[in-house]
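Here is the structure we will look at.
The values are calculated or read from the model by the stated rules, or taken from the named source; none is laboratory data. Owing to the predicted nature of the structure, the values given are computational and were not obtained by experimental measurement. In this analysis, Cβ positions are derived from the backbone assuming ideal geometry, glycine residues included, and neighbour counts consider all displayed protein chains. Heavy atoms of the whole protein, side chains included, go into the accessibility calculation; ligands, DNA and RNA do not. Shrake-Rupley method; radii C 1.70, N 1.55, O 1.52, S 1.80 Å.
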Amino acid sequence: MAALLDVPRSVLLALWLSAGADPVRAGAAVQGDDEPHTVQPDGRTGAALTTWLRALPPVEAVSAVLPVPGDPVVVGPTAAADALEAGECVLLATGDGTVAAVPHVERFGSALEPGHLVRWRTVEVPDWRTAVLGRVGSLADAERDLRESLRVATEALVDLDVARWRPEAAEEIADLRTAALAPTRVPPHLDGQRLRVLASAARLRGVVRLATQDHGGAVNAWQVDQRSTALREVDRVARRAMAAAATSLDPR
């Protein structure tokens, strides 16, 4: 059985919102193996994710951002701090205004049987569309940049020779080559280009994760710094591509 690619919850939620899917089906897909998600509007009592989805006004635009420290997050100070802490955020525009939804994840259980409690916090934010979409760019741009970044990341793995100094990584690398998106977690009828970009970006982030777990064959601090800088840029491209795949100005 092929390994499954890891896709952030915010990206999944943005994809389902843009598809205009049934809230129960969308909620189940986003939750996956988590405990049932809750949504807590700023200053109000929380509700189940599916209840919140049912109550949402028609979505006019949606995006996801996956920020790291140093990234500009133009959604107001409170939402920006939350998004940076979580590493992800969904941005919505409806007839009622513009909102950011950030998942706060509490982990429990063991490494063999992990569990996750997820609470989404939503806050009103300034209109994000012009600024975010200007940074995300087009799907075509994202797909082109992914191809080049995959080459850079693969070269980093070769240079590090992870299969030699971490034998268990050889299996992880093989899994990444054949890993696929879980069909039950992405909306049906998602167009081919979005699927390609999403899968390639998820695979690339997996490669970066492997390549940054150790300095491997680096022999001095300069080599470590050069490799880290290159891989940070690769991860930025992958995060931007995921955002592009999850962005829609014309939800159904």
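Scan (1) crowded, with 19+ Cβ neighbours inside 10 Å; (2) in contact (Cβ under 8 Å) with a residue 24 or more places away in the chain for the single condition Gly97 breaks and write down its number.
The single condition Gly97 does not satisfy is (1).
I need the full set of residues from the stretch 8-17 which are open to solvent by 10 Å² or more (accessible area, probe 1.4 Å) and farther than 21 Å from Val123 by Cβ, in order please.
Taking the stretch 8-17 as the starting set, the residues that turn out to be open to solvent by 10 Å² or more (accessible area, probe 1.4 Å) are 8-9, 17.
Passing the criteria: none in range.
Please verify whether Thr184 is modelled with pLDDT of 75 or more, open to solvent by 70 Å² or more (accessible area, probe 1.4 Å) and over 19 Å from the mean Cα position of the chain (by Cα), treating the condition exactly as stated.
Against the criterion (modelled with pLDDT of 75 or more, open to solvent by 70 Å² or more (accessible area, probe 1.4 Å) and over 19 Å from the mean Cα position of the chain (by Cα)), Thr184 does not qualify.
Any chance you could count how many residues in the stretch 109-134 are exposed (fewer than 14 other Cβ atoms within 10 Å of the Cβ) and touching a residue at least 24 places away in the same chain (Cβ under 8 Å)? Steps first, please.
Of all residues in the stretch 109-134, those exposed (fewer than 14 other Cβ atoms within 10 Å of the Cβ) come to 109-115, 126, 130, 134.
If we keep only those that are touching a residue at least 24 places away in the same chain (Cβ under 8 Å) as well, we get 115, 126.
Counting residues in the stretch 109-134 that are exposed (fewer than 14 other Cβ atoms within 10 Å of the Cβ) and touching a residue at least 24 places away in the same chain (Cβ under 8 Å) gives 2.
Return the total of residues in the stretch 67-83 being touching a strand residue (DSSP E or B) at 6+ places or on another chain (Cβ under 8 Å) and under 15 Å from Trp120 (Cα atoms).
4
Return the residue satisfying two criteria in turn: it lies in the stretch 23-40 and is touching a helix residue (DSSP H, G or I) at 6+ places or on another chain (Cβ under 8 Å) and closer than 20 Å to Gly95 by Cα, and of such residues it is least open to solvent (accessible area, probe 1.4 Å).
The selected residue is Val39.
Among the candidates Glu85, Glu106, single out the residue that is farther than 14 Å from Arg129 by Cβ, within 15 Å of the chain's Cα centre (by Cα) and surrounded by fewer than 20 Cβ atoms within 10 Å (Cβ to Cβ).
Every option except Glu85 fails the conditions.
Which condition number does Glu60 fail, the rest of (1) more than 13 Å from Ala101 (Cβ to Cβ); (2) touching a residue at least 40 places away in the same chain (Cβ under 8 Å); (3) part of a helix (DSSP H, G or I) being met?
(3)
Quick check on my filter: what residues within the stretch 63-88 are in a loop (DSSP other than H, G, I, E, B) and either of a type in the set (Asp, Glu) or touching a helix residue (DSSP H, G or I) at 6+ places or on another chain (Cβ under 8 Å) (or both)?
Those that are in a loop (DSSP other than H, G, I, E, B) and either of a type in the set (Asp, Glu) or touching a helix residue (DSSP H, G or I) at 6+ places or on another chain (Cβ under 8 Å) (or both): Leu66, Pro67, Val68, Pro69, Asp71, Pro72, Val73, Val74, Val75, Glu88.
Residue under question is Ala244, and the condition is that it be surrounded by 14 or more Cβ atoms within 10 Å (Cβ to Cβ), among the small types (Gly, Ala, Ser), at pLDDT 90 or above and part of a helix (DSSP H, G or I); does it hold? Working first, answer last.
Details: surrounded by 14 or more Cβ atoms within 10 Å (Cβ to Cβ): yes; among the small types (Gly, Ala, Ser): yes; at pLDDT 90 or above: yes; part of a helix (DSSP H, G or I): yes.
Considered against the rule, which asks whether it is surrounded by 14 or more Cβ atoms within 10 Å (Cβ to Cβ), among the small types (Gly, Ala, Ser), at pLDDT 90 or above and part of a helix (DSSP H, G or I), Ala244 comes out as yes.
Give the residue that is nearest to Pro114 (Cα to Cα), with candidates limited to residues of the stretch 41-62 that are small (Gly, Ala, Ser) and surrounded by 13 or more Cβ atoms within 10 Å (Cβ to Cβ). Step through it out loud before you land on a result.
Initially, the stretch 41-62 is screened for residues small (Gly, Ala, Ser), giving 43, 46-48, 55, 61.
Add one more test, that the residue is surrounded by 13 or more Cβ atoms within 10 Å (Cβ to Cβ), and what stays is 46-48, 61.
Numbers: Gly46: 24, Ala47: 24, Ala48: 21, Ala61: 34 Å.
Here the residue is Ala48.
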